[in-house]
1. May I ask you to work out the translational diffusion coefficient for the stretch A:230-340 at 4 °C, viscosity 1.567 mPa s, via Stokes-Einstein with Rh from the Kirkwood sum over Cα pairs, reported in whole µm²/s?
2. Which value in deg cm²/dmol, rounded to the nearest 500, describes the helix-derived mean residue ellipticity at 222 nm for chain A, given -39,500 (n - 2.57) per DSSP H run of n ≥ 4 and division by the residue count?
3. Using 19 Å as the cut-off for backbone N distance, which residues of the stretch A:152-179 belong to the label zone defined by a point 7 Å from the Cα of residue A:28 along Cα→Cβ?
4. State the Kirkwood hydrodynamic radius of chain A in Å, one decimal place, computed from all pairs of distinct Cα atoms.
5. First measure r as the distance between the Cβ atoms of residue A:477 and residue A:205, then evaluate 1/(1 + (r/R0)^6) with R0 = 51 Å and state the FRET efficiency to the nearest 0.05.
6. Give me the one-decimal nm value for the distance between modelled label points at residue C:56 and residue A:469, 7 Å along each residue's Cα-to-Cβ direction.
7. Note the direction-averaged projected area, equal to a quarter of the hull surface, for the Cα convex hull of the stretch C:8-478, in nm².
8. On a C-alpha basis, how far is the centre of the stretch A:280-350 from the centre of the stretch B:16-46 in Å? Whole number, if you could?
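What follows is calculated from the coordinates using simple rules that are stated; it is not laboratory data. Please read these numbers as outputs of a predicted model, since none were measured by experiment. All Cβ positions, glycine included, derive from the backbone under ideal geometry; neighbour counts span all protein chains shown.
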């Protein structure tokens, strides 16, 4: 029975979406609490998975290491299966998704327009995200990947800011362009890899794909496909130069959607690289590792540099995501156990920290109805509790020791240093830039003379604290003792590194 | 050149020449009359090929039926007998190009083909074979054709009636 | 005479539908047109009876001495045509009634056209194939002219007639050359017949036949370079007729010609490059032209050109490999469901708005009828091929067939152009959901249209999640 836990986690939100469409539309609180109840189920189950997860299991290319596996035929004519399971790579992501989705329901309490549609789409989005992380069949993965796209598009396009239409379409087309490239790759793999879409079985064909005699469009098969998948995932991360959709989408999206976008959706790019690109094309990964590391460093520096120039608080946080995802890329490309664990941990930690930051931006935006950094000043005096929580988030983002961001960054640097000394030195500049833009922003927003306009700004309320405090506690706890999450992923990341380096 | 080949050539020339006249004369009435020779030429070709029943049908249906109706239509409609038809210059160019392409294709086919001869003796009369064919092997085409005619008739009747009602 | 090969039951669906058409005419005459309101039920009854037979055939032997086949493709094609008819007939009758156009003629011509389409899908020899094409074409010409009250409708009927006659000419000429060189009219035997003459001079005749037939096919399905009639005819014809042309007629044409190309698999090197270029050009041109349309009906017209491109790609890929046409068969049903419903929705929304199918009519539709706007989005995204809707599975099967047959370049082209298509289809969705309405007031659907839209939407979702339903059915009923 217990193997159905992942299925439940994936489809209970969908059921919730269906239930919500049939609720009376003026019963706002009923709709909100229904959404919260349906989002709570995956969260509880995710905790249970986290507790019962067998830390000794390895996963990646070893089916025995996967847990809660369900494998049923779906479209036998094409060997497509309903094949799901979690290993060390996906388990933290599942936990993160469940946690952020639940908290974001509460962060969406202020939504007043077309409530039913909002929460139904939100729960549909959760189904898409969960499904993407647990899928072990390539077509299933692709279907969930696309399923995620549509609710996101509508959530930005209907409930977003003034330029929502532009932002929504840009987001949609960028990601779609990436994912269709993936579809060609999937089909090519299917016919070269023994007519299967099972990721595990495709990994077993890695040697066949790497055969230098195998070509597509006159070029090496594995390399072409690696690049196609890489672009597909890179758009999601987003890797420079594919990042331009991100600031637009973030600025226009409502707070909770920004949280999900930065906290979960960006991780899908790097997750896809770890789950798919690396184990299926280990040889090509070795060939392209340096290039990916360089792109990672560009992300770190370029993102931080852009963040520094922003006037809009939300855009600053958005660019900080570009920068922080660069660490994931760098750690991954190092192909060392520390680097890989660092990357995986950074994915989880960035998910929590950036979620906090977006929620915090949302809090002031709801009160001041603008996000201009220079439009505030001295908020620390008016909203001491808010400022306290904000400091925690910003310091964690800076990578201050004792908070979760630090551990991941240290691991990334340790791992990367073994492979690329100069690049690591260069990327360390990113830490200074990060500290620079965050501290400068803190000075302008929280310190200095009080802006008279906001002297009566109400303090952060209980509901907002409820969304922030659990993440804050996780950030502190993992900063002191990261083992509960690290031991989930250790086996898998090590296996992944061996898989690539020993190829 | 035996008499048979000569006759075949003659019927062929008659068909093509009159068809060209149909296509190029600007006078509608001339075109209608010229069509008579085309149909007749085709009937002659059928006879030469041993398809006597088909030739008779060609004469009866196409000349006796369709063409007569066509001429009636032209003559009874005001302004139609003297109507002149022209085709635009660019369209003429396109048509010529497409026609040449088709002609080339056909000539290529005709001259490259080996045209193997069938050694079966020609049947004395084809009518009974055709009749049997329509009742057995080609029953479905026969039935489908009846639906075709019915549909065409229904549509034509209604279109004509509506045009009358509009006035 | 030996009638043992007759087996009338193989043709029962066609007989039921054409019989329905005759009955409608007879009843119309018998009651002197006073009971025309009831005729739609007679028609639907004959369609449903045919559908029931198709879903549970009493016989699977080919009938009429091999002229009527009973293979999966024949049944799939018939079911697709009949499904389109069920969706479209009530809407068509309502349209005719509201404009005081003849209902009985509309119904019987539609049923005759459907007879032709079904005969085309199950044609076993070239003669039936040609006659079936003519039956469906002539009925559609008449329908296009009959149902219109405007000048554009007459113009569309005439254009359709001229283009169609031209195509028929090509088709017939091609068939003559092909059957002459292969020595048979039996479609399934064409391959072996052609193999016998390969290497001899006669193969040039066969080649000419193949090229002409394919030109005729491209004409009929509205593919590049013979697509120019599509926009005028589709946008000029009354919407219910356009819907019929772009769904059932196209499905039947693809089923019939799929069979021919499949039979010509042995000479695939002669036509694959030709069809490949046309398929690629059709995908590009159809999608990009659809993208710039400001008129919903024209957008749908060009998008159906684009879909013809994907279907051609599928035909080419499986035809050349001599495999089953599963991909094409699967592609057609969701395409037909979505298109039929969308055309009817277009008519409704246009009628309540500008009256000329402007995209602007969709602004704020979500405020006026959220369910309709939601289903509109579902249908459009289904056409666009977004998973988990059925359009995705169709595209997936077509592209995977293409990749397997080695046409990876065309598959990539197809996938890239489908991104363009998504952008096209999103525009009405954006208008419906992200814009404020120009007119206030609810836009309510009548029962018939609501039924069509819900059935099509549910069908797209169901077929997307369980493509086996349709595939197994096709495989199960024909074997």
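1. This corresponds to a translational diffusion coefficient of 93 µm²/s.
2. My calculation for chain A gives -24000 deg cm²/dmol from helical runs alone.
3. Label zone hits: A:158-161.
4. About 22.6 Å for chain A.
5. According to the calculation, E is roughly 0.80.
6. Result: 6.4 nm between the two label points.
7. Averaged projected area of the stretch C:8-478's Cα convex hull equals 20.1 nm².
8. 80 Å
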